1. Of the residues LEU27, LEU16, which is open to solvent by 100 Å² or more (accessible area, probe 1.4 Å), modelled with pLDDT of 75 or more and under 17 Å from the mean Cα position of the chain (by Cα)?
2. Going by the conditions given, is GLY50 surrounded by 10 or more Cβ atoms within 10 Å (Cβ to Cβ), at pLDDT 75 or above, outside any loop (DSSP other than H, G, I, E, B) and not charged (D, E, K, R)?
3. Does ARG2 fit the bill of being among the basic types (Lys, Arg) and loosely packed, with under 10 Cβ neighbours inside 10 Å?
4. Give all pairs with beta carbons closer than 7 Å in which a residue from the range 3-24 that is in a helix (DSSP H, G or I) meets a residue that is of a type outside the set (Phe, Trp, Tyr); count only pairs at least 6 apart in sequence or on separate chains.
5. Any residue that is at pLDDT below 75, among the polar types (S, T, N, Q) and open to solvent by less than 100 Å² (accessible area, probe 1.4 Å) - is there at least one of those in the range 33-46?
Amino acid sequence: MRKYLITRLAQAAGVLWAAYTIAFFILDYLPGDPVSVMAGAAAQSAALCGRRSRTD
């Protein structure tokens with residue numbers, strides 16, 4: 001039973017690592033800036049700078 005549990009935990013850790021890694025690379029290589037996407041196409045540069053400087 002202990003061997004089965006250790007095996008399943010190791011498999012779960014591997015799957016989580018793979019999922020996080022794939023999600024990171026997908027989001028990292030997508031074109032564009034998340035702030036400009038949230039602000040919209042008609043946003044002015046001052047509004048974009050204000051959103052980028054927010055820390056919350």
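1. Details: LEU16 fails: open to solvent by 100 Å² or more (accessible area, probe 1.4 Å).
Exactly one residue qualifies, and that residue is LEU27.
2. Working: surrounded by 10 or more Cβ atoms within 10 Å (Cβ to Cβ): yes; at pLDDT 75 or above: no; outside any loop (DSSP other than H, G, I, E, B): yes; not charged (D, E, K, R): yes.
For GLY50, the condition - surrounded by 10 or more Cβ atoms within 10 Å (Cβ to Cβ), at pLDDT 75 or above, outside any loop (DSSP other than H, G, I, E, B) and not charged (D, E, K, R) - is not met.
3. Working: among the basic types (Lys, Arg): yes; loosely packed, with under 10 Cβ neighbours inside 10 Å: yes.
Spelling it out, ARG2 is indeed among the basic types (Lys, Arg) and loosely packed, with under 10 Cβ neighbours inside 10 Å.
4. Listed by first residue and then by second, the contacts come to nothing, as the list is empty.
5. Yes.
The values are calculated or read from the model by the stated rules, or taken from the named source; none is laboratory data. Computed from a prediction, not measured in an experiment: that's the story for all the values here. Counting neighbours? That spans all protein chains shown, and the Cβs are built from the backbone with ideal geometry, glycine included. These area figures cover heavy atoms from the full protein model, side chains too; ligands, DNA and RNA do not enter into them. Shrake-Rupley method; radii C 1.70, N 1.55, O 1.52, S 1.80 Å.
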